[in-house]
Amino acid sequence: GREGDLRGLKVLVTAAGTREPIDPVRFVGNRSSGKMGYAVAQMAAERGAEVLLISGPSALAVPPNVKAVQVESTNEMLEACLAAYDAVDIVIKAAAVADYRPRDVADQKIKKKTDDALTVVMDKNPDILKTLGAKKTHQVLVGFAAETQNLLANAREKVVKKNLDMIVANDVTAAGAGFNSDTNIVKFLYANGDVCELEQMPKVDVANRILDEALRIRRERA
Ligand code: C5P
């Protein structure tokens, strides 16, 4: 049974999308709702873990018994993750992180000009998960791969490059999966190359399956 099986463990979950400011009123964002990450945080807390949820802006309520830290940008999320990392046992990185941010953030609202085009130069953001993977010691590290093409190949590359224990791959274009859906259709890929395909199920059930795997990996390592 799952009841209380995460007691004594600290679980860090990231969720929702990050926002990168352009000026005081505008940002570059993405379609992540936060549902998958909030479901992981909720189930981990229900199973007895001490849960830290680091979230980008989301309309969702913080689940009971979850400590939440709200962030906006990728750099803010990185700082919050690094501050917590040494003390946690399991990291589930469900956030949709902006890979680029506008180079210059205007201090005043950018006014419409006569030009027909506006150029916004973007700089690469740090990869939080890769940074955590490079610093990994005792943690079980689980990432997500939201893809629109070549799902398995892209996900497999990420497990290796980011030094993950497992990646949760989903095709965000499939019906009943991806952004804002209450269900998801995912595959688990492991560092050793194994793949496990799950049928369509509610995100809370996917969350429990992810936590089952993280706990199993942790026990096998001990
Ligand atoms: O961007 P990519 O598809 O490689 O994202 C896969 C995983 O990496 C996700 O778990 C995501 O949260 C994480 N990620 C990150 N920092 C980034 C980009 C992605 O932590 N800058």
> Let a ≥ b ≥ c be the square roots of the eigenvalues of the Cα gyration tensor of the stretch 1-107; is it rounded (a/c under 1.5), or, if not, prolate (a/b larger than b/c) or oblate?
Replying inline: prolate
>> When a/c reaches 1.5 or more, the comparison of a/b and b/c decides; with that in mind, is the stretch 66-131 rounded, prolate or oblate per its Cα gyration tensor?
In response: prolate
> For the stretch 114-222, what does the alpha-carbon gyration tensor say about shape, rounded, prolate or oblate, given a ≥ b ≥ c as the root eigenvalues, a/c under 1.5 as rounded, and a/b over b/c as prolate?
Replying inline: oblate
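Could you do me a favour and compute the accessible area per residue for the chain, 1.4 Å probe, result in Å²? Show your work: numbers first, answer last.
Numbers: 11510 Å² over 222 residues.
Value for the chain: 52 Å² per residue.
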> How would you order 139-145, 198-204 from highest to lowest mean count of nearby Cβ atoms within 10 Å?
Replying inline: 139-145, 198-204
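Run the helix sum for the chain: -39,500 (n - 2.57) per DSSP H stretch of 4+ residues, divided by residue count, reported at 222 nm to the nearest 500 deg cm²/dmol.
Working: 5 runs with 61 residues, N = 222.
Mean residue ellipticity at 222 nm (helix-derived): -8500 deg cm²/dmol.
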>> Run the simple label-point estimate for ASP115 and ASN65 please: 7 Å along Cα→C-beta, distance reported in nm.
In response: 5.5
> Of all DSSP beta bridges located in the stretch 1-70, what percent are antiparallel, nearest 5?
Replying inline: 20
> If you take the C-alpha gyration tensor of the chain, multiply each eigenvalue by 5 and take the square root, what semi-axes do you get, largest first, in whole Å?
Replying inline: 31, 19, 17
> Taking the Cα centre of each part, how many Å lie between the stretch 149-185 and the stretch 49-72?
Replying inline: 22
> Sorted by packing (mean other beta-carbon atoms within 10 Å per residue), highest first, where do 132-138, 18-24, 117-123 land?
Replying inline: 18-24, 132-138, 117-123
> Between ASP182 and ARG7, what FRET efficiency comes out of the Förster formula 1/(1 + (r/R0)^6) with R0 = 25 Å and r the beta carbon distance, rounded to 0.05?
Replying inline: 0.35
>> Can you tell me which lysines have their Cα less than 20 Å from the Cα of LYS35? Leave out same-chain residues fewer than eight positions away.
In response: LYS67, LYS93, LYS187, LYS203
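At a 1.4 Å probe, what is the % contribution of carbon and sulfur to the accessible area of the stretch 115-210?
Numbers: 2330 of 4900 Å².
Carbon-and-sulfur percentage of accessible area, whole number: 48.
The values are calculated or read from the model by the stated rules, or taken from the named source; none is laboratory data. These numbers come from a predicted model, not from an experiment. Because the Cβ atoms are built from the backbone with ideal geometry, glycine has one as well, and the counts that use them run over all protein chains shown. Ligands, DNA and RNA are stripped out before the accessible areas are found, and what is left, the full protein with its side chains, is counted by its heavy atoms. Shrake-Rupley method; radii C 1.70, N 1.55, O 1.52, S 1.80 Å.
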